[in-house]
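Taking it in order: structure first as structure tokens, then the write-up.
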Amino acid sequence: MGGKLSINVPRVVHETIDGEVIVIDLATGTYFSLQGGAADVWTLISAGHSSEAMVDALAAAYGESQDSIRSTLEPFVKELESEALVVDAGDQSSAQTGTAEISVDGAFSPYLEKHTDMAELILLDPVHEVDSMGWPHRPEDA
Amino acid sequence: MKAVSVIIPVYNYEMYLAEAIQSVLDQSFTEVELTVVDDGSSDGSGDVAKGFGDAITYLRQDRGGNGAARNLGVANSSGSYLSFLDADDRWHPTKIEREVALLEADAELDGARSLVREFISPELDGEERHRVRATHDVIPGLLHYGTMRRTAFEQIGGFTTDLQLAVGVDFSARWADAGLRSELVEEVLIERRLHSSNNWARESNRRGDLAMAVKASLERRRKAAEAKQKDPGS
């Protein structure tokens, strides 16, 4: 795994609601519920933790070895990247790391619950075309 | 009593409101009553609306969001059909006529929608025009851009008042989850203005509202699936 990742804003909108993290990709209308410890990974990425710092934090929180955590975390992070939910933090990699609270609930087995059933509604809601950062791109650019 | 009640919620869109109102008054379908609900504007939106005199009904509420404003307008209207227009958008003159025709032709239909074309507001300069470029040329409007039976609106309990953004997504999701039906008029009858103060920009701190709408819909479907699992015959 590389260095720091960051949430792919403004393309991605995310919110923790009643303990469940909901992540929406505005370019595709797909949304995700983060399950099985995935919310902890999301929290750590949001707080600016490097990949190795995430391994350390998750190993301590879940009481698992770093190798065990790493072997689970790597493919999950790749999935987050392939879904364009996170991107390489690039020149933001020197940004300070914030605090991240990990709420252990069972074993560490993060996965994305992917939903496309509201894609039409989300893409037809014509509200995401203006942003100081230049969002959006037409969906076909995504 | 007019057949169709049109509601325009407005919050600080004095520049655009007159065009929106006039596009309702210019409808070919004349059995229309128009209510403008001022959602606590601090600009001249109220004066613009009042300038139309008896042609409209003007209501004002403390800032409560466009969902609450639309609900207030509905509560103070009497048409058996309801239609909603955003204060920065405008309609083609046959919008209501076409949508009502669909509803009149099919008593089982709950709502009618039309196609929406986005346009860049003429006052924008070069840089702003680039930033707000249209994401779509023509898109089917969501339900809160269409016309619906009042009974359907009441069945799903009106618009949410918990959100500032994604109120229309939430409404359409609840419409779908309730099994209500709508059909699309295959004509561009609504023009949506792109400008530098669209809701997505000025309510940027409320973007999580879209996730709230999504989560609420997810929870409704999870509960429905649970109920079905407990009672497969239901």
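Here are a few things to note about the model shown:
- Single residue of A:G90, A:G19 found to be open to solvent by 20 Å² or more (accessible area, probe 1.4 Å), at positive phi, touching a strand residue (DSSP E or B) at 6+ places or on another chain (Cβ under 9 Å) and at pLDDT below 90: A:G90
- Residues located in region B:29-51, provided they are among the acidic types (D, E) and open to solvent by less than 10 Å² (accessible area, probe 1.4 Å): B:D38, B:D39
- Against the numbered list (1) part of a strand (DSSP E or B); (2) within 11 Å of another protein chain (Cβ to nearest Cβ); (3) open to solvent by less than 40 Å² (accessible area, probe 1.4 Å), B:F171 comes up short only at (1).
- Of the residues A:K114, A:K78, the single one that is open to solvent by 70 Å² or more (accessible area, probe 1.4 Å), touching a strand residue (DSSP E or B) at 6+ places or on another chain (Cβ under 9 Å) and of a type outside the set (V, I, T) is A:K114.
- Enumeration of residues in region A:14-52 that are touching a Gly at 6+ places or on another chain (Cβ under 7 Å) and of a type outside the set (G, A, S): A:E15
- Residues of region B:69-93 satisfying the condition of being touching an Asp or Glu at 6+ places or on another chain (Cβ under 8 Å) and within 30 Å of B:P122 (Cα to Cα): B:A69, B:S83, B:D89, B:R90, B:W91, B:H92, B:P93
- As a summary of the residue check, A:A59 satisfies the conditions (1) over 11 Å from the mean Cα position of the chain (by Cα); (2) in contact (Cβ under 8 Å) with a residue 12 or more places away in the chain except for the one numbered (2).
- Among the residues of region B:180-203, just one is open to solvent by 60 Å² or more (accessible area, probe 1.4 Å) and without any contact (Cβ under 8 Å) to a residue 60 or more places away in the chain, namely B:R202.
- Which numbered condition A:I102 misses (of (1) open to solvent by less than 30 Å² (accessible area, probe 1.4 Å); (2) over 27 Å from B:L165 (Cβ atoms); (3) aliphatic (A, V, I, L, M)): (1)
- Within region B:52-137, strands (runs of 3 or more DSSP E) holding 1 or more residues that are of a type in the set (F, W, Y) and open to solvent by 50 Å² or more (accessible area, probe 1.4 Å): B:57-61
- Meets criteria (away from every other protein chain (no Cβ under 14 Å), surrounded by fewer than 21 Cβ atoms within 10 Å (Cβ to Cβ), in contact with a Phe, Trp or Tyr (Cβ under 7 Å, 6 or more places away or on another chain) and outside any strand (DSSP E or B)) for A:E64: yes
- Inclusion of A:D117 among residues that are within 14 Å of chain B (Cβ to nearest Cβ) and either touching a Pro at 6+ places or on another chain (Cβ under 8 Å) or at pLDDT 70 or above (or both) is warranted.
The values are calculated or read from the model by the stated rules, or taken from the named source; none is laboratory data. The structure displayed is predicted, hence computed values, not measured ones. All Cβ positions, even for glycine, are placed from backbone atoms using ideal geometry, and neighbour counts span all protein chains on display. The accessibility values were calculated without ligands, DNA or RNA, using every heavy atom of the protein model including side chains. Shrake-Rupley method; radii C 1.70, N 1.55, O 1.52, S 1.80 Å.
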